[in-house]
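Data first, discussion second: the structure below is written as structure tokens.
The values are calculated or read from the model by the stated rules, or taken from the named source; none is laboratory data. What you see is a predicted model; the values in this text were computed from it and never measured. FYI the Cβ positions are ideal-geometry reconstructions off the backbone, even for glycines, and counts take in every protein chain you see.
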Amino acid sequence: MTDVRAGLPRLAPFFVGGALALGLVGAGGYWLGAHRSAAPATESGREVLYWYDPMRPEVHFDEPGQSPFMDMALVPRYADEGEGEAGVRINPGVAQNLGVRLANVERTSVTHAVLAAGIIAFSERSLAVVQARAGGFVERAHGRAVGDVVQAGAPIVDIRVPEWAAAQGEYLALRQAGGDLAIAARRRLSMLGMPDGLIDRVERDGAPRPVFTVVAPVTGAITALDIRQGMTVTAGASLATINGLSPVWLIASLPQTDAGLARSGARVVATLPAYPGERFSGRIESVLPSANAATRSIEVRIALANPDGRLRPGMTAEARLEERAEEALVIPAEAVIRTGTRSLVIVVQADGSYAPVEVALGRAQGDAIAIVSGLSEGQRVVASGQFLIDSEANLSGAVARLNAARGQAQAADALHETTGRITAINGQEVTIAHGAVASLNWPAMTMPFRLGRPDLGRDLAVGDRVALRFREVGGAYVIEEIRETGAAP
């Protein structure tokens, strides 16, 4: 007892040192706890408003951690970024090095034009068919051949008609007597098919003329000739076909997307490789009522004047169809990022940041393209370097936020299905480890669901395997139907 008491004074410094050490540890633990509790509010000296999942930016979390929607870490939203900021910031020097070039959204007059290839053809509206008025024999063909260009009134063929000789002699005999018989005889000559010019010549000469000359009714090219020297022809037989040379048709095909420009009477300008530098004006004469079943193209017939006959059927030509000008917002076509399902434009915001904006495109005109919706006059867009900015926007979640905002309206009433196992039940909230959801492109994961009605959770228990149907309501996922498929062992 004496030895223990005697040793206490020697141990006193050790007790005091231990107490001080424990105090320092406690103080350090308190400081670390206070520092750790303040961590969510500040990070790297910046105030954090909340944390969010880049794929679901509308849902906010008070603490960092893993997203309940996707297997990814939550991202902080800083106070100096602004609540509604959806853009990215790029240092001006970096933007210059990237070759970022800006362009203004302008309102200007847009004229839509379409170039269509076509072929020159005869106009079937100026087609003439020459036929025999009576049966007889070809006495002379006048040396005509297919492809010859003849003037109106030019002789085509001489035909001898024996039947006419007797009728003409009878008329000449009755003509001297006069009266009704003479009038009837002359009328009979006309009914036999004799032209008035031939009857007048018989009266003038006082002698029968059984041979008559068939002449060209129009000026044009002979495209068919069915006569030969000495052949026999019958009444109504086709002797020749003559196509007029002016106007000619330019038959052009338009894709169905440009069918709106094909209107009868619309002005057209045509150019031909045969005459470089020359322009031929015309108008759409007709639009065929049906589309080509193989190419889905619309065929139009364009009438072109051809007084000198230089436009020859079979030549190729290019037709330019123009639509009347209209006011529209226009940006450079290179500023548009096409993803396959939509079109984006990188817009410069008022604070100098860049943000992707979805736009609806109109018609293109040269290097520019019209904007139907999504932009307003005076805004600035990125015309070059936008793909690098778009990459940065994707990394920062700007495009993800745009995707979420766009998809919210589309998925508001959508009903999704999956199966899984109940891992926890807390009142009207059920946590389920479910499989992949194809309609939302979700992988398998564990997440909480809210019961749409109290009676849905009446017979549920932890471990039950269930099949459920749910929808998104106000950022939460609400179960509309749930049924047990089996309990876990």
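Grab the strands (runs of 3 or more DSSP E) fully contained in region 272-374, keeping just those with 1 or more residues being free of Cβ contacts under 8 Å to residues at least 40 places away in the same chain.
Details: elements: 280-287, 297-304, 316-322, 326-332, 336-338, 343-348, 354-365, 368-373.
The qualifying strands (runs of 3 or more DSSP E) are 280-287, 336-338, 343-348, 354-365, 368-373.
Only one of the listed residues (364, 368, 293) is farther than 23 Å from residue 112 by Cα and out of contact with any Lys or Arg (no Cβ under 7 Å at 6 or more places or on another chain). That residue is 293.
In the set 134, 173, 152, 145, which member is assigned to a helix (DSSP H, G or I) and of a type in the set (Gly, Ala, Ser)? Even if it seems obvious, please write down each step before you answer.
Details: 134 fails: assigned to a helix (DSSP H, G or I); 152 fails: assigned to a helix (DSSP H, G or I); 145 fails: assigned to a helix (DSSP H, G or I).
173 is the lone residue from the list that is assigned to a helix (DSSP H, G or I) and of a type in the set (Gly, Ala, Ser).
The single residue among 152, 145, 134, 167 that is surrounded by fewer than 17 Cβ atoms within 10 Å (Cβ to Cβ) and closer than 18 Å to residue 197 by Cα turns out to be 152. When 129, 114 are screened for being at pLDDT 75 or above, touching a Ser or Thr at 6+ places or on another chain (Cβ under 6 Å) and among the β-branched types (Val, Ile, Thr), only 129 passes. Under the condition of being more than 30 Å from residue 163 (Cα to Cα) and surrounded by 14 or more Cβ atoms within 10 Å (Cβ to Cβ), the residues counted in region 214-258 number 17.
Give the residues of region 53-111 that are under 30 Å from residue 436 (Cβ atoms), modelled with pLDDT of 70 or more and loosely packed, with under 12 Cβ neighbours inside 10 Å, sorted by residue number. If you could, list the steps in order and put the result at the bottom.
Our first condition is that a residue be under 30 Å from residue 436 (Cβ atoms); within region 53-111, this holds for 53-77, 86.
Filter once more, so that each one left must be modelled with pLDDT of 70 or more: 53, 59-68, 72-77.
Correct list: 62, 63, 65, 72.
Within region 259-268, the set of residues being assigned to a strand (DSSP E or B) and buried (at least 18 other Cβ atoms within 10 Å of the Cβ) comprises 268 only.
Can you find a residue in region 414-424 that is at pLDDT below 90, assigned to a strand (DSSP E or B) and of a type in the set (Ser, Thr, Tyr)? No, because not a single residue in region 414-424 is at pLDDT below 90, assigned to a strand (DSSP E or B) and of a type in the set (Ser, Thr, Tyr). Answer yes or no: is there a residue in region 386-406 that is of a type outside the set (S, T, N, Q), modelled with pLDDT of 85 or more and either crowded, with 17+ Cβ neighbours inside 10 Å or on the phi > 0 side of the Ramachandran plot (or both). No: zero hits.
Contact map, region 430-448: first residue in contact (Cβ under 8 Å) with a residue 60 or more places away in the chain, second residue acidic (Asp, Glu), Cβ cut-off under 6 Å, separation 6 or more or different chains; pairs are 448/429. Out of all the residues in region 296-308, is one or more closer than 18 Å to residue 381 by Cα and surrounded by 18 or more Cβ atoms within 10 Å (Cβ to Cβ)? No, region 296-308 contains no residue that is closer than 18 Å to residue 381 by Cα and surrounded by 18 or more Cβ atoms within 10 Å (Cβ to Cβ).
If I filter region 197-218 for residues that are β-branched (Val, Ile, Thr), farther than 15 Å from residue 132 by Cα and at pLDDT 85 or above, do I get at least one hit? Break it down stepwise before answering.
Residues of region 197-218 that are β-branched (Val, Ile, Thr), as a first pass: 199, 202, 211, 213-215, 218.
Keeping just the survivors that are farther than 15 Å from residue 132 by Cα gives 199, 202, 218.
Restricting the remaining residues to those that are at pLDDT 85 or above gives 218.
Yes, region 197-218 contains at least one residue that is β-branched (Val, Ile, Thr), farther than 15 Å from residue 132 by Cα and at pLDDT 85 or above.
When residues in region 437-457 are screened for being more than 18 Å from residue 66 (Cα to Cα) and part of a loop (DSSP other than H, G, I, E, B), 3 of them pass.
Quick grid of which residues meet (1) at pLDDT 85 or above; (2) of a type in the set (S, T, N, Q):
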| site | (1), (2) |
| --- | --- |
| 439 | no, yes |
| 443 | no, no |
| 449 | yes, no |
| 452 | yes, no |
| 474 | no, no |
